[in-house]
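Scroll down for the structure; my scribbles are underneath it.
Computed from the coordinates by the stated procedures, all read-outs in this text should not be read as laboratory data. Given the structure is predicted, the values throughout are model-derived calculations rather than measurements. Note that each Cβ is placed from the backbone with ideal geometry, even for glycine, and that neighbours are counted across all protein chains shown.
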Amino acid sequence: MSAIPFVDLKAQYEDLRPAIDAAVARVLASGWYVLGPEVEAFEQAYARRTGCAFGVGTGSGTGALQLALLAAGVRPGDEVITVSHTAVATVAAIRLTGARPVLVDVDTDRYTLAPAQLLAALTSRTKAIVPVHLYGQPADMSPIMDFARAHNLTVIEDCAQAAGASYEGKPVGSLGHLAAHSFYPTKNLGAAGDGGMVTTNDAALAARLRALRQYGWRRRYISDETGLNSRLDPIQAAILGVKLPRLDAWNQKRRALAQRYRQALTDTACVLPAQFSDSEHVFHLFVIRHPRRDALMAYLKQRRIGALIHYPVPVHLQPAYRDLGYEPGSLPVTEGLAGEILSLPLYPELPAAAVEQVAQAIRDFEASS
Ligand SMILES: *Cc1c(COP(=O)(O)O)cnc(C)c1O
């Protein structure tokens, strides 16, 4: 049996090699190496795909989150509600603005922010909510938006894992006031390095984002407020422009492979991802739960099958966030998931036979123990 890697980033490059090489060469020959027409063209194309009027390219998904929070007016002393069951970048970005992250538990099936937790987390200092569309599954946005409207809060979607997903027929990224996207190489739409974007339908927010991403400049050399340096690189923008037209077909392949996993893993002890008729999942990750997760992971590794845990330690229990004061046991759903979740290999170029091979290995593991 051949090895099955968790991801294979070179496969996508090999598929698109002539177009990507030409795009990179075009940028190098243009002499325009920061922002400019390549970035603007991709900002427009991606914003349109996301159902938004404006896209502001950033240096990373973390930069996009940070800029969205700053543009929303989040300042030291404010509170921002998000989840602990996420990539640490979501919470780091909040903290870097000086605001306090208020971490709430996730829904038991959706694995995203549980709207019922919002009321208890609300204080007079609450400024914003950051729902995360985790693993490619959109968060339950309708009750979140209702709550935000009722309490005058800004909603910033973390779309890093959900490029191309939709909720109630609308693309993620167009549901909140602002949305942060990541083009980290393993994401559903991945660059050949770091990249990100903020999308919005608010022209004033878009203008503020454009200033904040480069030193707070509205005019060259004149800062109206303190900004960062977080700009989408034109070489990455050109590569992403080649890949964007493929996004929907790739997501379709991800969904088909997820369906295969679903069939192949019935009659195992695996808890499969729940299905929701309100949204279209794009399977950035195929995450199962298993009662003997650590032993299963070790067994798969021995069979040379890549599997990873997203994420093994919830943010509220990580050293950098201890001072927020959350005790073990304070977010029971999140902590329960951390002990059981396992991400299986899934990417558009993964052969269907590999899914069967992974499923067989899981059945062998269960039979042998
Ligand atoms: C990847 C990711 C980020 C950060 O994006 P970078 O481009 O790596 O900075 C933020 N949030 C989530 C949920 C992510 O998966």
Quick one: what are the phi-derived ³J(HN,Hα) couplings along region 337-353, Karplus 6.51/-1.76/1.60 with θ = phi - 60°, whole Hz, x for glycine and proline? 4, 4, x, 10, 6, 8, 8, 8, x, 7, 8, x, 8, 5, x, 4, 4
Any lysines with Cα under 19 Å of the LYS187 Cα? List them, leaving off those in the same chain fewer than 8 positions away. LYS10, LYS243, LYS253
Among DSSP beta bridges whose residues both lie in region 62-140, state the antiparallel percentage, nearest 5. 10 percent
With Kirkwood's inverse mean 1/r over C-alpha pairs for Rh, give me the Rg to Rh ratio of region 329-369, two decimals please. 1.16
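Which of the chymotrypsin sites (Phe, Trp or Tyr not before Pro) across region 161-237 are loop residues per DSSP, with 14 or fewer other Cβ within 10 Å? Working shown, then result.
Details: sites: TYR167, PHE183, TYR215, TRP217, TYR221; in loops: PHE183, TYR215, TYR221.
Counting only loop positions with at most 14 other Cβ atoms within 10 Å, the chymotrypsin sites (Phe, Trp or Tyr not before Pro) in region 161-237 are TYR221.
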Could you work out how far the C-alpha centroid of region 260-286 sits from that of region 151-185, in angstrom? 22 Å
Amide H neighbours of THR58 at under 5 Å, excluding residues fewer than 5 places away on the same chain, with H built from the backbone geometry, are GLY196, MET197, VAL198, LEU232
Taking the Cα atoms of region 185-309, report the difference between the largest and smallest coordinate on each principal axis, in whole Å and largest first. 63, 32, 27
Just the number, please: percent antiparallel of the DSSP beta bridges in the chain, rounded to the nearest 5. 60 percent
Centre separation in Å (Cα based) which lies between region 17-62 and region 302-324: 32 Å
Residue-by-residue Karplus 3J(HN,Hα) for region 141-150, coefficients 6.51, -1.76, 1.60, Hz, glycine and proline x: 6, 4, x, 5, 5, 4, 4, 4, 4, 5
Given backbone amide H placed at 1.01 Å from N, residues whose amide H is under 5 Å from that of THR154, ignoring those fewer than 5 places away on the same chain, are ALA128, ILE129
Contact order normalised by length for the chain, with contacts defined as Cα pairs under 8 Å and 6 or more residues apart; what percent is it? 22 percent
Using DSSP to define loop residues, name the chymotrypsin sites (Phe, Trp or Tyr not before Pro) in region 251-300 whose beta-carbon has at most 16 other beta-carbon atoms within 10 Å. PHE276
Obtain the nm distance between the two label points defined at TRP32 and SER223 by a simple spin-label model: each point lies 7 Å from its Cα along the Cα-to-C-beta direction. 2.7 nm
From Cα pairs below 8 angstrom and at least 6 apart in sequence, can you work out the relative contact order of region 219-369, rounded to a whole percent? 31 percent
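Does region 262-369 come out rounded, prolate or oblate by the C-alpha gyration tensor, with a ≥ b ≥ c the root eigenvalues, rounded set by a/c under 1.5 and, if not, prolate when a/b is larger than b/c and oblate if not? Before the final figure, lay out each step's value.
Details: a/c = 2.04, a/b = 1.57, b/c = 1.30.
Prolate is the answer for region 262-369, as a/c is 1.5 or above and a/b outweighs b/c.
Only sites in a loop by DSSP and with at most 10 other Cβ atoms within 10 Å count here; which trypsin sites (Lys or Arg not before Pro) in region 181-265 make the cut? Write down the numbers at each step before the final one.
On the way: sites: LYS187, ARG208, ARG210, ARG213, ARG218, ARG219, ARG220, ARG231, LYS243, ARG246, LYS253, ARG254, ARG255, ARG260, ARG262; in loops: LYS187, ARG213, ARG220, ARG231.
For trypsin sites (Lys or Arg not before Pro) across region 181-265 that sit outside H, G, I, E and B with at most 10 neighbouring Cβ atoms in 10 Å, the list reads ARG220.
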Hz values of 3J(HN,Hα) by residue in region 242-252 - Karplus curve (6.51, -1.76, 1.60), Gly and Pro given as x: 5, 7, 3, x, 8, 4, 5, 5, 5, 5, 4
Built amide H within the under 5 Å cut-off of ARG100, gap 5+: GLY77, ASP78, GLU79, VAL80
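Using the number of other C-beta atoms within 10 angstrom as an exposure proxy, rank THR97, THR123, THR86 with the fewest first. Show your work: numbers first, answer last.
Values: THR97 23, THR123 9, THR86 26.
Result, fewest neighbours first: THR123, THR97, THR86.
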